[in-house]
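Have a look at the structure below before the remarks.
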Amino acid sequence: MRFRSDFPLPDTDWPPTREFWAAAARGELAVPRCDACQRYVWYPDGTCRFCGSQSFTWTTVTGRGRLFSWSVVRRAFIPQLAADVPYVAGVVAIEEDPAVRLVTRIVDCDPASLRADTPVRVVFRPLRFAGVQGEVTAPMFVPCRNRPFGI
Amino acid sequence: MAADWGFPSELEDVAGEVAIAGVGEADHTKASGRTTKEIGAQAIERALADAGLTPRDVDGIMYTPFDGQQFGADDYRAHFGTTHEMWVSTAGGGMVWAGSAPHEAALAIRTGRARTVVNVFSVAWATQRADMVGGPGEVHASELFKQNLEVPFGWFPQPVYFATIARRHMHEYGTTSAQLGAIAVACRRHANLTPAAVLHDKPLTLEQYLASPAICDPFRKEDCCLISDGGGAYVMTSVERARDLRPPVVQVAGVGVGNSRTRVYWSQQGDFTATPQVFAAPAACRMAGIVPADVDVLACYDPFTIVSLMQIEDMGFCAKGEGGRFVEGTALHFDGGRLPYNTHGGMLSHAYVLGIAHVVEIVRQLRGEAAAQVKDAEIGVYGGYTGPQASTLVLRRR
Ligand SMILES: [Zn+2]
């Protein structure tokens, strides 16, 4: 298997996820919503797994959610992540539909203080990797635990 | 309420039709320089010798096409110098298929397409590791949704997925690191008793486990499977014919397969801390006419400690969420534990051959030939897993 030379950066031209990365570049978090049943459908593989429709509208969401789970990654499993460890890779359930779980990074946090179901909000940060040309703006999340209204 | 995030496969009843009549393992080693096919050939030679069969007696072969390197029918003819046609199925190999292959073989034998079928699986991943993006992780990095929505965030490879699942299991059910450690310690103890195990000479105590640093929190390296070269094979034929062969008869009593609707996308599975064993195990037990409490020895595909814990729960050996408390102490040990588990050491401590050696071990247990032998084992179960699917194979001595 040959990987693109900019692996593990995402391919922002790949049609199924192009709108996700284009929205991130604008500072927005977007998820496809089924035109037939109005449900958010993730991952965007072209067919609604609830009703079978193939018509979707990419919809900007608030960027609020809950930290569903995470791992503090201390070993660089691939050399491109050597400069990143330790980092927090996590899964965030979005406020609009907790069944939609975004794989992401949790940033600006003390990993030891993280708790499941903590409210989080989106921030946009560049993905850069050791030895890889270029960068891509990506939605990441920060805990908002100490804010009185959860935002 | 029945879980709706997955479903069982509809399988024809094959209870009591076929037996596993021969088992063999290739040498399990660190990087050995051998090819996948050479390792597969050695496993088949040993399985045939165990059954007392000659290469000409086998007229069916099962393997998986997944890495393009597995030992198939052409390899069989070239290696063993045979010329006869063989029934071929690519629904064999390790992982979930190490458990479901006997169902496919039973249908082939029932309809006369084959009389005696070998299922084989081997890997040379320790040897090949240097060429890959992260060993077995390459398969995942090649999947385009993962490549574009998971890998860029560093949610990759498999240890990171399952550490995340373990963290959520801890949150929902109060599972602790010491409970995950009890699984690693039980498996290591069994490997220490099993001469062919890669970690045969490396003891592990719970204190050592807890003192080991996290590599991807909450996992330590002891929570994660080995990378090794090795393989295994088993030979299936009708129960009637198996009675004429040397080994005691071990029947295929039940097979079940479960499926997750969210396929390889672990992050989206409706129940994040469960496996499709929820759907596979009840079907297999129904076919076999048993309940989980009847099982004398269990072996599950165990890439990570949490995958053992979830399958033990999902197969019904305890209530969901009770797995942590269930596995504590010596509960999984071969000599007096309430559920002797991975009695060869599993993928954590025996060999990373993706479940084929688990089936070999269960057969040996039911024959009374295992290194860490469970007393009077009569019913043994293999739990296979790939993420999108799980399988349950119930074997019975009689
Ligand atoms: Zn829909």
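Quick check on the stretch B:159-167. Is at least one of its residues surrounded by 22 or more Cβ atoms within 10 Å (Cβ to Cβ), within 12 Å of chain A (Cβ to nearest Cβ) and in contact with a His (Cβ under 6 Å, 6 or more places away or on another chain)? Looking through the stretch B:159-167, none of the residues is surrounded by 22 or more Cβ atoms within 10 Å (Cβ to Cβ), within 12 Å of chain A (Cβ to nearest Cβ) and in contact with a His (Cβ under 6 Å, 6 or more places away or on another chain).
Kindly indicate whether residue B:77 is out of contact with any strand residue (DSSP E or B) (no Cβ under 8 Å at 6 or more places or on another chain) and charged (D, E, K, R). So residue B:77 fits the description; yes. You will find that of A:116, A:83, the residue that is at the interface with chain B (Cβ under 9 Å from one of its Cβ atoms), part of a loop (DSSP other than H, G, I, E, B), of a type in the set (A, V, I, L, M) and away from the ligand (no atom under 16 Å from the Cβ) is A:116 and no other.
Every residue, every condition in (1) in contact (Cβ under 8 Å) with a residue 60 or more places away in the chain; (2) farther than 19 Å from residue B:14 by Cα, yes or no:
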| position | (1), (2) |
| --- | --- |
| B:199 | yes, yes |
| B:207 | no, yes |
| B:210 | no, yes |
| B:228 | yes, yes |
| B:233 | yes, yes |
| B:255 | yes, no |
| B:285 | yes, no |
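Here the condition is being surrounded by 19 or more Cβ atoms within 10 Å (Cβ to Cβ) and at pLDDT 95 or above; of A:68, A:77, it holds for A:68 alone. What do you reckon, is residue B:46 touching a residue at least 24 places away in the same chain (Cβ under 8 Å) and surrounded by fewer than 16 Cβ atoms within 10 Å (Cβ to Cβ)? Criteria not met by residue B:46.
Yes or no: residue B:284 assigned to a helix (DSSP H, G or I) and closer than 27 Å to residue A:41 by Cβ? Answer is no for this residue. A residue that is away from the ligand (no atom under 13 Å from the Cβ), β-branched (Val, Ile, Thr) and within 20 Å of residue B:155 (Cα to Cα) occurs nowhere in the stretch A:51-66. Among the residues making up the stretch A:24-44, a single one is near the ligand (Cβ under 8 Å from one of its atoms) and either of a type in the set (Lys, Arg) or touching a helix residue (DSSP H, G or I) at 6+ places or on another chain (Cβ under 9 Å) (or both): A:39. Residue B:197 - would you say it is more than 8 Å from every other protein chain (Cβ to nearest Cβ), in a helix (DSSP H, G or I) and either crowded, with 23+ Cβ neighbours inside 10 Å or not basic (Lys, Arg) (or both)? Taking the combined requirement at face value, the residue does not satisfy it.
Of all residues in the stretch B:142-158, those satisfying the criterion of being at the interface with chain A (Cβ under 7 Å from one of its Cβ atoms) and either part of a helix (DSSP H, G or I) or modelled with pLDDT of 95 or more (or both) are B:144, B:145, B:148, B:149, B:150, B:151, B:152, B:153, B:154, B:155. Residues in the stretch A:13-36 that are surrounded by 17 or more Cβ atoms within 10 Å (Cβ to Cβ) and either hydrophobic (A, V, I, L, M, F, W, C) or in contact (Cβ under 8 Å) with a residue 60 or more places away in the chain (or both): how many? Number of matching residues: 8. Among the residues of the stretch A:99-113, those that are more than 15 Å from residue A:30 (Cβ to Cβ) and within 11 Å of chain B (Cβ to nearest Cβ) comprise A:99, A:101, A:103, A:105, A:106, A:107, A:111, A:112. Give me the residue from the stretch A:55-80 that is within 15 Å of residue B:216 (Cβ to Cβ) and assigned to a loop (DSSP other than H, G, I, E, B) and, out of that set, farthest from the other protein chains (Cβ to nearest Cβ). That would be A:76. Residues that are part of a loop (DSSP other than H, G, I, E, B) and farther than 19 Å from residue B:147 by Cβ within the stretch A:1-44 comprise A:26, A:27, A:28, A:35, A:36, A:37, A:38, A:39, A:41, listed in sequence order. So which residues in the stretch B:138-153 are among the aliphatic types (A, V, I, L, M) and surrounded by 23 or more Cβ atoms within 10 Å (Cβ to Cβ), if there are any at all? Within the stretch B:138-153, B:149, B:151 qualify. The residues in the stretch B:207-235 that are touching a strand residue (DSSP E or B) at 6+ places or on another chain (Cβ under 7 Å), assigned to a loop (DSSP other than H, G, I, E, B) and farther than 18 Å from residue B:178 by Cα can be counted, and the count is 1.
The values are calculated or read from the model by the stated rules, or taken from the named source; none is laboratory data. What you see is a predicted model, and the numbers here were worked out from it, not measured in a lab. With ideal geometry, Cβ positions are generated from the backbone for all residues, glycine too; neighbour counts draw on all protein chains shown.
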